[in-house]
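The values are calculated or read from the model by the stated rules, or taken from the named source; none is laboratory data. Worth saying up front: this structure is predicted, and the values here are computed from it rather than measured. Heads up, the Cβs are rebuilt from the backbone with ideal geometry, glycines too, and the neighbour counts pull from every protein chain shown.
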Amino acid sequence: MLGFDHLQLQQIWWIVISLVGALFILMSFVQGGQTLLATTARTELEKTLIVNSLGRKWELTYTLLVLFGGAFFAAFPRFYATSFSGAYWVWMLILMTFVLQAISYEFRKKPGNLLGSRTYEWFLFINGSLGLFAIGAAVGTLFTGGNFHISETNLITWGNPARGLEALLVPFNLAVGFLVVFLARVLGSLYLVNNLSEEGGLVDRLRNAAFNNLLAVLPFLLFILYRWITMTGYGYTENGEIILEKGKYFQNLLAMPVPGLGFLLAGLVLIVLGVIVTRFTRSTKGIWAGGPGAVLTGVALFLILGLNKTAFYPSRFDLQSSLTIENASSSLYTLSAMTLVALAVPFILAYVSYVWRLMNSEKISARDIENKKSHDFY
Amino acid sequence: MALVWLIIWFALLILSLKGAEYLLKKIDEL
């Protein structure tokens, strides 16, 4: 249909998924901000400022998560079938925390609601901490593997009664979970410093939090890098046989000097730069370095996971059940049709950026909150 | 018995989330 062969389309769709996943990492500033709500806001007004700043964006983060799942469903349905039905409890946990998030923005300030605003703020904290941690741990299992067996008729058997929750016993998965939570808090601080028009008090605390949370990211980042060098990864041969390869993910980083190692290093440098500018100057523009930095880092993370003949969802239970972009993808026809439809994506992105500019045209100030001027008051 | 385990599980979950909130507050205020 488009002149691409099957493998090229599989690679294109892995790159698309990597980009969407990386954009979700950027947008996780909403979840990060929700945990900062509990730790940096001291007065009712400060809380309402943060909630209103995040309340304008949370749906975009949620939509990206759905898009990430949707793209996986369409492009690599065997992964979707395996992970969502097999690792059932992890995904249910994640989804439940996102249900809590949705109702919290809706009902926090509704008059006469059953639960008080403190309960909804607590729900937002659960989504920002537990929800994001579980997503990080789930991404970790894409490196360390899940306990599944796939039959010839695509029936999934999960080899552990915890149905995915056993992933929380693997240190690498925990490290990815903590990394995602603390990175989201860094991004959340940078975003809020940029989006709130107030100076002093809250914003100073947020500048401090950006730096402290970056320090908290470091040990987990170092551990992950160390494990990428030392851990055994899952590759596959020309005829699709899954093989174990020591240091596979680090080799992938080196094998893709620009989008692998290059994006990772550039991304990390940009994040550090954004935080340092925010912490040690009066600039509010840190998110413009930190945000793209998070996207570059995320793209590198996903690319080394699926490209260069790597199994992106290995099975610890039955090695040959491991999923690769070649054995888990949709047919040539489906991928071609999807690629045609995806040509409309730039228009959607243009619309999103237009709406974003409208929402950000005025910074949120305490006066807006006190006068309830904003028509979308949360 | 399952109900008891569920209650224990929830209690532990809430306790660890409260602990996490406390630790994060400490980190932010350092």
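Tabulated data for the structure shown
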{"item": "Filter pass, residue A:129 being surrounded by fewer than 24 Cβ atoms within 10 Å (Cβ to Cβ) and hydroxyl-bearing (Ser, Thr, Tyr)", "result": "no"}
{"item": "Residue check, residue A:108 over 19 Å from the mean Cα position of the chain (by Cα) and either within 30 Å of residue A:15 (Cβ to Cβ) or modelled with pLDDT of 90 or more (or both)", "result": "no"}
{"item": "Sole residue being aromatic (Phe, Trp, Tyr) and in contact with a helix residue (DSSP H, G or I) (Cβ under 7 Å, 6 or more places away or on another chain), chosen from A:333, A:236, A:313, A:226", "result": "A:313"}
{"item": "Any chance residue A:244 is loosely packed, with under 14 Cβ neighbours inside 10 Å, touching a strand residue (DSSP E or B) at 6+ places or on another chain (Cβ under 8 Å) and of a type in the set (A, V, I, L, M)", "result": "yes"}
